[in-house]
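The structure appears below as structure tokens.
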Amino acid sequence: MSERPDLCSEASSGLLFREPLIFEMGAEGRTAVQVSPEEVEGWRELLPPGYVRESLPLPELTEPEVVRHYTRLSQWNFCVDSGFYPLGSCTMKYSPKVNDLVASLEGFTGIHPYQPLQWIQGALCVIYELEEMLAEITGMDAVTLQPAAGAQGELTGMLIVKAYHEHRGEKRRKVLIPDSAHGTNPASCALCGFEVIQVPSDTRGLLAPEALETRMTPEVAALMLTNPNTLGLFEEDILELTRIVHDKGGLVYCDGANLNALGGVARLGDMGVDLVHMNLHKTFSTPHGGGGPGAGPLGVKAHLAPFLPAPRVEKGPNGFALREDYPLSIGRVKAFYGHFAVLVRAYTYLLSNGPQGIREATETAVLNANYLRVRLRDVYHLPYDRICKHECVFTDRNQAPKGIRTLDIAKRLMDYGFHPPTIYFPLIVKGALMVEPTETETKETLDRFIEAMKRIAQEEPEVVRSAPHTTFLARLDEVSAARRPVLVAPTP
Ligand SMILES: *Cc1c(COP(=O)(O)O)cnc(C)c1O
């Protein structure tokens, strides 16, 4: 069996390069730019004594060497623009270039938040209208765009939950979180000083009303739910769940990072949810994955709106204004108005798709995930074999007897030109392999992925266990890379 599959696409070809450090390249005396000593005459006198460096061990290269080095580095990657990236829970959909085009218009890039309000009416309009659109999509009454990421949206939401109960003179210190929740949920609660109580999901992979009922005491501030949950399953009892919480005076927070499964079809606000955050850098198509800026807007129902971060954009008879005087506000969570360029991209995406387009995106995302689920379930074990939403979770149970584990399958997929899916998450599924295709992939791409997954299941175990074979590095020591990173190039 070939180690380099004929099915392999060109997508990961950049990973073949063995690119040296720039310090290991070039030769003494080489330069890209010629500067004669006469041109810089007198520089020594301009610098304070003690600041003059007689030698600087920088690499010496020609211009083409520099250009080629950095061009190769820029391709030394795998991205949504080069291939299929089915990373579960991350919604790695293709981001249309028109979003970037609009975000880079001079009228947006050339303004500053300290400019007089009458000069930035257009920017305030984008903020105001984007808040309105996101409120409509989630069924909420008010939205803040300040949070910089999903996890910060959660933090903002839980600070509001805390402020709300304190304002009513209630001491509620506990938050219920199902074991199928995203890991950021308990972390956000802990940061707010809440005690987290984990609630087990049932054999359906869902939160059962009975499991909630027994734990829903007057000390509980909120239920923090991810819907669809991290198994990609819709919490079918949500109406009953939100009723139980409200009956005992609690609030329901929904982690809406998985909105790609609901947008334009169902609204969390109509299901009794009081607060929900969204990930613009997932559902609303602004680039992510490189640790760059994101946005995690938070939507709330009217009774929580007074607690939202200030300032807020208001529409008045003389245009848009910023209002600061919200006495119950939890305050700012981010400088200025959030990551504005990310907001412009999401605004562009929403306007260019319209309500019908958003609905179709959701329907296609769900269809694609179910297509993969059904076409692969004979080969890979499906712990919860029921209709999923935008992603599905397989395991390595069928392959384990041959000595092939989830990590091996993920690594081998790279040889076929695919970014590996999310692995070993959610934690409640042993050997999880979580696939989220998104709506932006064609049926041909999905079929090629299915074919690759099926072939991997038939390959010689040793070929899979030692994969990837087509990249210049194979199995990295990820623990050492995280704990003992080498951040400085060794000096020659
Ligand atoms: C991605 C994600 C988060 C965290 O979002 P960040 O922007 O990475 O902070 C939270 N919950 C769920 C369900 C997610 O998928």
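Sorted by packing (mean other beta-carbon atoms within 10 Å per residue), highest first, where do 338-346, 196-204 land?
Listed from highest to lowest mean packing, they are 338-346, 196-204.
Working with all protein chains in place, sort 216, 133 by solvent-accessible area computed with a 1.4 Å probe, largest first.
Of 216, 133, the descending order of accessible area is 133, 216.
Per DSSP H run of n ≥ 4, the term is -39500 (n - 2.57); total these for the chain, divide by its residue number, and report the mean residue ellipticity at 222 nm rounded to 500 deg cm²/dmol.
Result for the chain, helices only: -10000 deg cm²/dmol.
Quick one: ranking 168, 386, 465 by accessible area, 1.4 Å probe, largest first, what do you get?
Reading off the accessible areas and sorting them downward yields 168, 465, 386.
Can I get the semi-axes of the range 407-492's equivalent ellipsoid? Compute them from the C-alpha gyration tensor as square roots of 5 times the eigenvalues, in angstrom, largest first.
28, 17, 15
Need one number for the range 1-117: average projected area of the convex hull over its C-alpha atoms, nm².
It is 16.2 nm².
When ranked by the protection proxy of mean other Cβ atoms within 10 Å per residue, highest first, what sequence do the peptides 236-247, 134-145 form?
In descending order of packing, they fall as 134-145, 236-247.
Dimensions of the chain along principal axes (Cα, Å, largest first)?
Cα spread of the chain along its principal axes, largest to smallest: 79, 66, 42 Å.
What is the pair-distance distribution P(r) of the range 168-237, computed from all Cα-Cα distances in 10 Å bins starting at 0, with each bin given as a whole percent?
The percentages, shortest bin first, are 21, 51, 25, 3.
Summarise the accessible area of the chain (1.4 Å probe, protein heavy atoms) by the percent that is carbon and sulfur.
56
Below 8 Å between Cα atoms, with a sequence gap of 6+, how large is the relative contact order for the range 162-257 in percent?
Worked out over the range 162-257, it gives 30 percent.
Relative to the present Cα-Cα distance, how much length would full extension add between residue 246 and residue 118 at 0.36 nm per residue of separation?
41.8 nm
How far is it, in nm, from the label point at residue 33 to the one at residue 477 when both lie 7 Å from their Cα along the line to the Cβ?
4.0
Please work out the Cα center distance from the range 109-163 to the range 262-302, rounded to the nearest Å.
The two parts, judged by their Cα centres, are 12 Å apart.
Which whole-number value in Å² is the accessible area per residue of the range 362-482, probe 1.4 Å?
42
With every protein chain in place, what's the accessible area of residue 60 (1.4 Å probe, Å², nearest 10)?
For residue 60, the solvent-accessible surface is approximately 70 Å².
Would you mind pulling out the separation of the Cα centroids of the range 441-492 and the range 307-352, in Å?
Here the two parts' Cα centres lie 42 Å apart.
Could you please state, rounded to a whole Å, how far the C-alpha centre of the range 23-44 is from the C-alpha centre of the range 193-238?
Spelled out, the Cα-based centre of one part sits 65 Å from the other.
Quick one: grab the alpha carbon gyration tensor of the range 184-276, order the square roots of its eigenvalues as a ≥ b ≥ c, and give me rounded if a/c is under 1.5, else prolate or oblate depending on whether a/b is larger than b/c.
The shape class here is rounded.
Would you work out the relative contact order for the chain, in percent, from Cα pairs under 8 angstrom that are 6 or more residues apart?
Normalised by residue count, the contact order of the chain is 21 percent.
Normalising by the residue count of the range 362-482, find the relative contact order in percent from Cα pairs under 8 Å and 6+ residues apart.
Across the range 362-482, relative contact order equals 29 percent.
What does the extension gain come out to for residue 360 and residue 76, with contour length at 0.36 nm per residue minus their alpha carbon separation?
98.9 nm
Take residue 385, project a point 7 Å from its Cα along the Cβ direction, then tell me which residues of the range 172-210 have their backbone nitrogen under 20 Å from it.
202-206
Quick check: convex hull over the Cα atoms of the range 98-352, volume per residue in Å³, rounded to an integer?
That works out to 123 Å³ per residue.
Among the listed pairs 162/334; 97/301; 97/282; 93/454; 248/282; 174/282, which are separated by more than 22 Å between their Cα atoms?
Flagged as over cut-off: 97/301; 93/454; 248/282; 174/282.
Heavy atoms only, probe 1.4 angstrom, no DNA, RNA or ligands counted: give me 164, 70 ranked by accessible area, highest first.
From most accessible down to least: 70, 164.
The values are calculated or read from the model by the stated rules, or taken from the named source; none is laboratory data. Please read all numbers here as calculations on a predicted model, not as lab measurements. We place every Cβ from the backbone using ideal geometry, glycine too, and count neighbours over all the protein chains shown. These accessible areas exclude ligands, DNA and RNA; they are computed on the full protein's heavy atoms, side chains included. Shrake-Rupley method; radii C 1.70, N 1.55, O 1.52, S 1.80 Å.
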